[in-house]
Amino acid sequence: MKIYTRTGDEGETGLWGGLRVPKDAPRVQAYGTVDECNAAIGVARSAGVDTYLDALLARVQSDLFVVGADLATPGEAANIPRIGADAVQALEQAIDELEAQLEPLRQFILPGGAPSAAYLHLARTICRRAERRVVTLSRSEPVNPQITIYLNRLSDFLFVAARCANASAGVPDVPWESPRMRKEAKDE
């Protein structure tokens with residue numbers, strides 16, 4: 001199988017089933033952003049996370065392939081997997097398990113800390129963009145409603161995962177200091 005096909009040289013790509021669409025079509029934007037989120041999670045994993053978190057992130061990456069295939073396949077296709085409520089439930093369970101290991105948040109935090117945590121925060125923001133792209137797509141074309149739910153929950157999971165990566169690395173979360181707090185500290 002060749003990597004290059006030349007079929008996209010004119011700015012179009014093919015969806016599952018053969019339909020040709022512009023590369024900037026809302027559906028392509030949606031699954032492309034899901035792919036970008038998946039890549040960012042891969043970068044976070046390569047930066048070093050503990051074994052348990054790595055296994056959870058590997059599962060998420062696999063799920064994101066399913067989400068991408070789901071988005072790239074409008075209509076019915078018997079051999080294409082679809083993301084479902086079970087994947088959402090798995091994320092919720094993982095969030096609950098990870099949060100139980102963390103100190104409760106007492107203030108907003110900034111993206112950062114250990115490299116793996118910073119990359120997970122980046123993946124979270126890309127996930128949010130993917131969610132927005134899917135919402136835009138769903139206004140004009142049918143979309144599996146579980147995709148939006150999954151991406152919404154995934155961004156929550158990635159936030160908690162970033163905090164866990166910091167905790168595992170012995171690096172504190174980066175607290176946000178509001179301008180009011182800075183002014184009060186300066187005035188003292």
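Readers should treat all values here as calculations from the given coordinates under stated rules, not as data from a laboratory. These figures come from a predicted structure and were not determined experimentally. Ideal geometry is used to build each Cβ from the backbone, glycine not excepted, and the neighbour counts take in all protein chains shown.
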Next on the checklist: I'd like to compare 81-91, 155-165: which one has the highest average count of other Cβ atoms within 10 Å, and what's the full order after that?
Outcome noted: 155-165, 81-91
Checklist entry - Which loop-located GluC sites (Glu not before Pro) does region 40-135 contain, where loop means any DSSP state but H, G, I, E or B and the Cβ has at most 10 other Cβ atoms within 10 Å? => result GLU76
Next on the checklist: Taking the Cα centre as origin and putting +1 on Lys and Arg beta-carbons and -1 on Asp and Glu beta-carbons, what dipole magnitude results for region 42-121, to the nearest 20 debye?
Outcome noted: 280
